[in-house]
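Structure first, commentary second.
The values are calculated or read from the model by the stated rules, or taken from the named source; none is laboratory data. In this text the structure is predicted, and so the values were computed from the model without any measurement. Counting neighbours? That spans all protein chains shown, and the Cβs are built from the backbone with ideal geometry, glycine included. Accessible surface areas use protein heavy atoms only, side chains included; no ligands, DNA or RNA. Shrake-Rupley method; radii C 1.70, N 1.55, O 1.52, S 1.80 Å.
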Amino acid sequence: MIAELNEPVKYYREQLKVKFRLNAAAAFEEFIKQSKIDVKANVVTVAAIRKLEKQVAHVRGKLGWLKFFRNTFILLAITGGGTAVLYVLPFVWEQGPYFNISLTWAVCGAGVTLVSLYLIFGILNSRIGRLNKRLQEKHSDLKRNTVTAWTQMEPLNRLFQWDTVARIVMKTCPFFTFDNYFSLARLDDLCRNFHWDGDSLRYDSVLFCQSGALNGNPFVFADILDFHWGSCTYSGSLTISWRERESYYDSKGRLQSRWVTRHQVLTASIKKPKPEYGRKRFLVYGHEAAPGLMFSRSPSGLADAGDGFFGKLRKKTAVRALRRKARSMKSEFTVMANEEFDASFAALDRNDEQQFRLLFTPLAQQEMLNLLKDHKEGFGDDFVFHKTHMINTLVSARFSEFDFTASPSLFRGYDLMEQKQFFHSYCCQYFRHVFFSFAPFMTIPLYLQSRSSAKDGSGGAARTASFWEHEAIANYHGAGAFRHPESVTENILKTEVVESGADGTKLLVTAHGFKGVERVTYISVYGGDGRYHPVPVPWIEYLPVSRTTPLIVKELQGMNDRGADEQTIAKQWRRCRRKWGVSKDGFRCRKSILSFIPENSGR
């Protein structure tokens, strides 16, 4: 265990932050060296692209103004010509309408028309034609230079892998281990040894997952598409009318009566179930410490209250509430010596005071407070923390604000300088988000100790992807490749292994969605005519539909330090193609796993 990790904010600020920046910069420079690209040539090409982009924008601007003037003169020509025609019309058509147009206006209209036509056909059209031709030439030059720039950068773009950023993190922080993919061994380790219910995703689908270990203790970060039933309110209306006798006084003050027609709009509404979908991102960390302890906490806001008058008042009020809770509870709940920590962390539902204090030592309490208050390096008190025996779950709103996939497509580009800047920025943000996602665990000394057992997710099953990774791969292909044609909602993709061998694993991907059937329900509503009327309320009934499609996956073996060896991929891919009959370009490679949908799958 690294002692500095018990002070994560300080350790990140004084050592890891700068160290990671240097490692990220060195990694990109190493990629440039390995790719052997011509840096100066790319700089020249990109400079030409930027110049052409400005020229295209300039020509497009001039072209826009000329077209504006041409349209204006066309309107003037039509207006002037119309004025002249209206003057002449009474002389040539005696039966036609008469317009009082003076000769002066007619002459001016004719002059405006002639001048406008001259400007349109004599000047503007030719200039617009020349600018259109020039714009096409500039577009052609821009496209040619862009293709050249992409060609120049292709050797570098090929070097980016799914684990590129993870390897920089592991180099900076050797206590982190990131898996190539979420293996069956890692899942079994979390479920069997830490009692995680990782098989409970019945109504959810995995969009992305990243597993690994912190000092040998397993973790998994997951992005889940969640399904649940919600409700929708539908409304309808009906206009009714009726005749009734109305009394009134006439002009002489006599009481009279008459029949009048009344109108009324009746409305009704009903609630019907509707499928709803949402995203859930969370971090699961398994550790053997305090195996009987359970608690949960949510952001309390006290850490950000400050040391002013109102901040101190809020903290004192929270502490007094803790004391009253301790006195009123029949359990062994007692307030911690560091009352500010207890009020800010607010794990009030803890079930074992002794194990809670075993985790949160005085040092851990102080460092957790520092973490909750820090907004400069970290993110402050923004996380929900659940501990259920040996499983620790962390949820934060910021998980949805950052792309944790580190997909190679993020880093590919044709502008080396721009690519370098983005790579450095993304990597630093990735490391910051990852490090401070684990920071609440790091403040606890026991959570940084290596596990007592040697079962760390290695072994033969480590080469087999789990169903979590299978679902993530299916979603990577896109739900549209599997959805039922009648489905009008999002789809939950679930996978099942039906065949496994040396040449790949055959999965059945079932897309669960809903079709919408239009219904009408009639609701009786009392009207002003003294009768009940059936008000039609149209609504949609969602009926489940599903479709099953085969998907072939193949875990790549023979990995080297920058991903899969190209010769190894080619050899294994040829065997897969022969067995499953897939075209050369009909596959995707994600996180060291080849996958494709067979051509005879019936899509």
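Given L135, L119, L190, which one is touching a strand residue (DSSP E or B) at 6+ places or on another chain (Cβ under 7 Å) and over 30 Å from K420 (Cα atoms)?
Answer to the check: L190.
Scan the range 522-536 and report the pairs whose first residue is outside any strand (DSSP E or B) and whose second residue is among the charged types (D, E, K, R) and open to solvent by 40 Å² or more (accessible area, probe 1.4 Å), with Cβ atoms within less than 9 Å and a gap of 6+ or a chain change.
Every condition considered, the pairs that remain are G528/R262; D529/E244; D529/R262.
Can you give me the number of residues within the range 167-186 that are aromatic (F, W, Y) and part of a helix (DSSP H, G or I)?
So the answer is 0.
Applying the selection to the range 387-418, what residues are buried (at least 20 other Cβ atoms within 10 Å of the Cβ) and part of a helix (DSSP H, G or I)?
F399, L416
Within the range 470-525, how many residues are in contact with a Pro (Cβ under 9 Å, 6 or more places away or on another chain) and either surrounded by fewer than 17 Cβ atoms within 10 Å (Cβ to Cβ) or closer than 30 Å to T239 by Cα (or both)?
Going through the range 470-525 one residue at a time, the tally reaches 11.
Please work out which one of (1) free of Cβ contacts under 8 Å to residues at least 60 places away in the same chain; (2) on the phi > 0 side of the Ramachandran plot; (3) surrounded by 14 or more Cβ atoms within 10 Å (Cβ to Cβ) is the condition G253 fails and give its number.
(3)
If you take the residues in the range 578-597 that are at pLDDT 80 or above and part of a loop (DSSP other than H, G, I, E, B), which one is farthest from the chain's Cα centre (by Cα)?
Looking at the filtered set, the residue picked out is I597.
Can you tell which of V220, V206 is of a type in the set (V, I, T), open to solvent by less than 20 Å² (accessible area, probe 1.4 Å) and in contact with a Cys (Cβ under 7 Å, 6 or more places away or on another chain)?
Residue meeting the stated conditions: V220.
Report yes if some residue within the range 259-274 is open to solvent by less than 50 Å² (accessible area, probe 1.4 Å) and aromatic (F, W, Y); otherwise report no.
Taking every residue of the range 259-274 in turn, none turns out to be open to solvent by less than 50 Å² (accessible area, probe 1.4 Å) and aromatic (F, W, Y).
Please find, within the range 11-33, the residue that is surrounded by the most Cβ atoms within 10 Å (Cβ to Cβ) out of those that are touching a residue at least 12 places away in the same chain (Cβ under 8 Å) and small (G, A, S).
For the range 11-33, the residue satisfying everything is A24.
Which count do you get for residues in the range 95-131 that are open to solvent by 30 Å² or more (accessible area, probe 1.4 Å), touching a helix residue (DSSP H, G or I) at 6+ places or on another chain (Cβ under 7 Å), over 14 Å from G81 (Cα atoms) and at pLDDT 85 or above?
Qualifying residue count for the region: 2.
Would the range 365-377 turn up any residue that is crowded, with 19+ Cβ neighbours inside 10 Å, of a type outside the set (K, R), in contact with a Lys or Arg (Cβ under 7 Å, 6 or more places away or on another chain) and part of a helix (DSSP H, G or I)?
So far as the range 365-377 goes, no, none of its residues is crowded, with 19+ Cβ neighbours inside 10 Å, of a type outside the set (K, R), in contact with a Lys or Arg (Cβ under 7 Å, 6 or more places away or on another chain) and part of a helix (DSSP H, G or I).
Within the range 187-199, is there a residue that is in contact with a helix residue (DSSP H, G or I) (Cβ under 6 Å, 6 or more places away or on another chain), open to solvent by less than 30 Å² (accessible area, probe 1.4 Å) and assigned to a strand (DSSP E or B)?
no
Does at least one position in the range 146-153 carry a residue that is within 23 Å of S450 (Cβ to Cβ) and open to solvent by less than 30 Å² (accessible area, probe 1.4 Å)?
Checking the range 146-153: not a single residue is within 23 Å of S450 (Cβ to Cβ) and open to solvent by less than 30 Å² (accessible area, probe 1.4 Å).
Do the conditions hold for K494, that is, is it touching a His at 6+ places or on another chain (Cβ under 8 Å), more than 30 Å from L594 (Cα to Cα) and in a strand (DSSP E or B)?
In short, no.
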